[in-house]
Structures are given as structure tokens and as C-alpha cells.
Amino acid sequence: MKSNWKYILSWLLLMVGGFYLINALIMVGVIDDFIENMLVTIGINIILATGLNLIIGFSGQFSLGHAGFMAIGAYATAIITQRMSSEAGFLVSMFVGVLLAIIIAAIIGTATFIRLKGDYLAIATLGAAEIIRNVINNLKITGGAAGLYNIPQLCSWPTVYILFCVTTIILTNFIRSKNGRAIKAVREDEIAAEAMGINTTKWKLAAFVLGGATAAIAGSLHASFLQTISPSNFGIMESISILVIVVLGGVGSMTGTFVAAIVLGVLDTALQSFGALRMVIYAIVLILIMIFKPAGLLGNWEFSLKNLTRHFGKKERS
Amino acid sequence: MQTVLQQIINALSLGSIYALLALGYSMVYGIINLINFAHGDIYMLGAFFAYYVINVWHFNFITALLSAMIIGAVSGVVIEYFAYRPLRKSPRIAVLITAIGVSFLLENGMSYFVGSNARSFPQVIEQVNYNIGGVQISNVQILILVTALILMVSLQLIIQKTKMGRAMRAVSVDPAAAELVGVNVNHTISFTFALGSALAGAAGILIGMYYNQIDPLMGMTPGIKAFVAAVLGGIGSVPGASLGGFLIGILETFFQSIGLSAYKDAVVYLVLIVILLFLPAGIFGKNTKEKV
């Protein structure tokens, strides 16, 4: 721990620096509303995709139902803040959303992880997310198929930025901890991991629940920032577009997820004028990447300050 | 009693369409272990092609059906050749994501070219309602049921009696061993895709006649439901997939008739999860044990 304080401090400085950089750019006027919107969307997508990457890339369980948890967070925020329109209400709603997502993820996880894996698990999680959406679609409190609108906007880019930093810190630290190694062991070989005394179901479930909780946070931000939500926002398409970010960046690389979310976010804004053609381009890119680079852009490479300084240190010495 | 009979008839005609779709899923999964997400979209392509030939070239039912099947078979083989074959040795998640990508491409490509609005399917045969003891049966329903049954029986004959069918069964048991005894694995897989996709094309024109409406996203939900049907019946088994399709049709019609039609999708997914948990091999499937 002692030897790591340098890196912890530099990461902290980077995060604070990033905050002030964006702040300054907004003050100067380089970042207008349009770009700010794009940045917030990218931030929310990073929260979603890092959570899904934990489930798919690190614990090796294929989930196609990430949008379901996002819907839970979004609807919790929408319903609560419409009745309690204050910062405190937003925090309460986020807490409720995360709690609900954790409970539901635990139920889905315990039901499915014990017996299912691979494509069957994917299709079961997809089904579970569709059940969540179908229920939301038919309840009165959620506004049915029309959804909810006039949700008070209680979050702006600093909220998204802070939560994005917090979730990233939690997820990356979780992956690098002892528990994270247990999860990666399950991914590599379940039977061998079990033989080493790892409770495989427990750790798969832990990754799934943590991923679901971060998705709920992203959902809360999404609802509060965009102010309108409807069940159709959280369908299979949404789950797949989160999956595309994860796969494009590299399954098992958090850095890759960051890069992919930023690239796709910028591309999305740039291609805005193409309308329907945008989705066609998306689909073709997805297929081509899978055929020519199945491991994604960055494979499982991770950016780390430690390796960077070591690398430069070596160069100076030689 | 009459309403029950009426619902059973509705359920059978809807179920036979699901069954046709489920057969394609089942065969493809049985042979290369891939959930072919694009299968539902081939059914959409079949429906749109039938719409086109009926409206523009004034085809009758039989020729429209055959042309939809041919277009289905061709697109299935092309998709397999370009999207799935290069990934034969890749991890399964990569192939599955490619399948999702192909599905996405077909849906959005179609929306881009023809617009995403629903359009009404031309009446290829004039609808006549028969009233048998208070139960309404239309000739369209009979036609759907009969066509589906003929196709299912011929599929079963192809798989059980022909040389290609034997090759398909061999590849699905063990591709490497099949190759050793002289089966051309790639041809066999292409043939499987052609057969399954032809059935999806047929299902497309039948659903167009049943609902009188088609749109580019029509394949998504029925596709997943048909996969549920295939899992329910036992993946890789032809009678299983047919039975599963009919069961899903009955289940859906039942929930619609007791006034819970808003929840019918949720019920299908719930059935899927329960089946996967308690009967992972389906009704006709074989249980396999994992060896260390």
C-alpha cells in the first residue's frame, strides 16, 4: 500500500485536473451545450459499459440484460424525484434504485447462475430484462408505454463526472483485489477455480450484482439528465449497444471500454445527420470487428501509470 | 366449449408459425451451437419479399411461398458464408455477437431502405370464413396449418431419409469425426442454414397472411419466442421444435383470451427461464454430462 501512494495521488490529481479542465473549457466557451450533452452521454455509457465489462469480461458470464437494471434505476429516480424534487430526493432515488437493482440482480443471478452458462445464460438474462420492461410497461405508476416526462433535472455534468469517477474507482479496485482474482479465475476455468476452493457461484453473483448496481446509477443519471424516459428506451437494443461498447473496446479491458465509449460517443454525434444509416454503419462495424479482431480494439490490455513510469524509467537508464 | 375450440384453432395457426421458425433455430444450434439471432430477420426478409412479388409481379400463394423460401435460403447461406464461417474457430461469444450484429444490420438496413413504418400485407387469397358448429375457421388459418405441417413432415423426411440429412446428423454429433469419414462439414452446415432459413422465409409469408401487417422489426420478438420454443422442445430435435412452437402458440393465445395480453411476452420469457432451470435439455432433448 505504502509504495502505491504515488500512483493513487497521481490518479486523484488526474481526476481533479480533468474536472477543472472541463470546467474551464465550459467557462471559455469551447464546450457548448451540444458537446456537454455528448460528454454526459459518454460518461453515462462508460458507467454502464464498465459494469457490463465486469460481468462479461472479468467474470466471463454473458449477460444480455444490462438495460433492465438501467431501467430500474431510471424509473426509481423518475418516480421519486417527481414527488420530491430536491438534491436530497435525487440521492434517495439513486439509493433506492441501486438497492432495487441489487435485490433483483441477486434474485436473477441466484436463479440462473447455478445451472446456466454461455448462450443459455445470455438468453435467460435477456428474458429477465424483458420481463422487467414488460412489467414497467403495464404498471400505472410508471406511466405505461408512454413513459414518464417532466422529470426534474437534478443532475448536471459535475454529478455525472463524480459518479463516473467513483464507479470506475470501485470497479477497477474490485478487479485488482483478491476477490477480483477469484472472479478472473472463474472466467479462466470454472472447474479448476472450484478445485482451488473458490465459491464460483458466489463470485459470479458478486460481479453480476455489482454490475447491476452501477447500471442502476447510470439509469438514474440518464433519467434525471434527459428528463423523459419510456420503456422502449431500455429494450434489447439498449443492452446490445452497451455490449457493443464492451466488445469494441475489448472484453476484459476497462481501458478499452473507456476508449470505445469515447470513440462511439463522438462518432454518434458526428453521424447524427445520417439518421437511420447510423445504425447500419454500427452493425457493419460490429460484424467486421468480430471477424477481424475478435478480441476488440485493445484486447485485454490495461493502461496503468505504474507500467508507464517503469517504461520511461527504463528508457532513461539505457 | 365453443370459445375453447375457437382459441385452440387460433393457437394452432399461430403455433405452427412459431414451430416453423423454431425448427431453423433448432437445426442451426444443433449443428454449430450458435443462437442465430439473425434467424428472425430472415423471416422478416421472407415476408418483405413475398409482399414485393405479390404486389408487383402478382404471384399467387404457391409461387410467392416458394420465392420467399428461396430468398430465405439464399440469405441464410450468404450470412453463414460471410459472417459465421470466418469465426468457426473463434470463441462462441464472438460468433454470438456477430449474429447480433447481422440481425441489427438486417433490421436497420431494411428500415433504411423501405422505411420503418408497418405496411399492410396484400391478400393473396380471398378470405373465406367457415362456421363449423359455432367455431369460426378461415381458409387462411387452414392454409397456414396445412402448409406448416407439410413443411415439417418434409423436413423430417429430409433429415431422416436422405444422404444430406444423415450428414447433418453426423456433423451435429461430432464435426471432427464426421469429417474423418468423408462428410464435407462446410457444405453440410450451409445446407442446414439453407433448410432452416427456407422455413423462416415460409413462416414470414404465413405471418404476413395471418396478421395482415409487416414491418422491418417484426422478426425480433417472434425470433426470440421461437428460440424459446426450440429450447422448450429440446434443441436439435425436429419433433421437439414443432411441439415447442405449438406450446408457445397455445400459451400466448391462452393469456390473450383470459385478458392478460399485455403480459403475454413476460409469460413467454418466464416460461423460458423456468424451462432452462428445471429442464435444460428440453422435452425431447438429451442430457449431456460435463467431464473434467
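Throughout, read-outs are computed from the coordinates displayed, never taken from laboratory work. None of these values were measured; they are calculated from a predicted model. Reconstructed Cβ throughout: ideal geometry from the backbone, glycine too, with neighbour counts over all protein chains shown.
Exactly one residue among A:LEU264, A:LEU243 is in contact (Cβ under 8 Å) with a residue 40 or more places away in the chain, closer than 20 Å to B:PRO91 by Cβ and in a helix (DSSP H, G or I), and that residue is A:LEU243. Within segment A:187-205, the residues that satisfy the criterion of being under 24 Å from A:ILE103 (Cβ atoms) and either touching a residue at least 12 places away in the same chain (Cβ under 8 Å) or assigned to a helix (DSSP H, G or I) (or both) are A:THR200, A:THR201, A:LYS202, A:TRP203, A:LYS204, A:LEU205. Out of A:TYR149, A:TYR161, A:TYR120, one residue alone is of a type outside the set (Val, Ile, Thr) and within 14 Å of chain B (Cβ to nearest Cβ). It is A:TYR120.
Kindly check whether there is at least one residue in segment A:215-236 that is closer than 24 Å to A:VAL166 by Cβ, of a type in the set (A, V, I, L, M), assigned to a helix (DSSP H, G or I) and within 14 Å of another protein chain (Cβ to nearest Cβ). Within segment A:215-236 (the criterion being closer than 24 Å to A:VAL166 by Cβ, of a type in the set (A, V, I, L, M), assigned to a helix (DSSP H, G or I) and within 14 Å of another protein chain (Cβ to nearest Cβ)), the answer is no, since none of the residues qualifies.
Scanning segment B:197-228 for residues that are more than 14 Å from chain A (Cβ to nearest Cβ) and of a type in the set (Gly, Ala, Ser), which turns out nearest to B:LEU34 (Cα to Cα)? Residue satisfying both the conditions and the ranking: B:SER197. Under 22 Å from A:ILE169 (Cα atoms) and crowded, with 17+ Cβ neighbours inside 10 Å: which single residue out of A:VAL280, A:VAL263, A:VAL247 fits that description? It is A:VAL247.
The lone criterion from (1) more than 25 Å from B:ILE250 (Cβ to Cβ); (2) within 14 Å of chain A (Cβ to nearest Cβ); (3) part of a helix (DSSP H, G or I); (4) within 15 Å of the chain's Cα centre (by Cα) left unmet by B:GLY40 is number (1). Does A:GLY65 qualify as being touching a residue at least 40 places away in the same chain (Cβ under 8 Å) and either out of contact with any helix residue (DSSP H, G or I) (no Cβ under 6 Å at 6 or more places or on another chain) or acidic (Asp, Glu) (or both)? So A:GLY65 does not fit the description; no. Checked against the criteria, A:ASN150 counts as exposed (fewer than 15 other Cβ atoms within 10 Å of the Cβ) and not in a helix (DSSP H, G or I).
Scanning segment B:72-115 for residues that are among the aromatic types (Phe, Trp, Tyr) and closer than 19 Å to B:SER197 by Cα turns up B:TYR81, B:PHE82, B:TYR84, B:PHE104. Within segment A:256-283, can you find the residues that are over 20 Å from A:PHE164 (Cα atoms), among the aliphatic types (A, V, I, L, M) and either in contact with a Phe, Trp or Tyr (Cβ under 8 Å, 6 or more places away or on another chain) or within 14 Å of another protein chain (Cβ to nearest Cβ) (or both)? Correct list: A:LEU271, A:ALA276, A:LEU277, A:MET279, A:VAL280, A:ILE281, A:ALA283. Looking across segment B:4-35 at every residue that is within 14 Å of chain A (Cβ to nearest Cβ) and part of a helix (DSSP H, G or I), the one that is farthest from B:ALA202 (Cα to Cα) is identified as B:ILE32.
The residues listed here are A:ASN37, A:ASN23, A:ASN45; of these, the one that is within 15 Å of A:ILE245 (Cα to Cα), in a helix (DSSP H, G or I) and not β-branched (Val, Ile, Thr) is A:ASN45. Taking residues in segment A:286-315 that are in contact (Cβ under 8 Å) with a residue 12 or more places away in the chain and within 13 Å of another protein chain (Cβ to nearest Cβ), and partners anywhere that are of a type outside the set (A, V, I, L, M, F, W, C) and not in a loop (DSSP other than H, G, I, E, B), the pairs with Cβ atoms closer than 7 Å and at least 6 places apart or on different chains are A:LEU286/B:GLY101; A:MET290/B:THR98; A:MET290/B:GLY101; A:GLY296/A:GLY249; A:GLY296/A:GLY256. Counting only helices (runs of 4 or more DSSP H) that sit wholly inside segment B:90-196, those with at least 2 residues that are within 14 Å of chain A (Cβ to nearest Cβ) and more than 22 Å from the chain's Cα centre (by Cα) are B:92-114. Would segment B:231-242 turn up any residue that is under 25 Å from B:VAL140 (Cα atoms), more than 12 Å from chain A (Cβ to nearest Cβ), crowded, with 22+ Cβ neighbours inside 10 Å and aliphatic (A, V, I, L, M)? Yes: segment B:231-242 contains one or more residues that are under 25 Å from B:VAL140 (Cα atoms), more than 12 Å from chain A (Cβ to nearest Cβ), crowded, with 22+ Cβ neighbours inside 10 Å and aliphatic (A, V, I, L, M).
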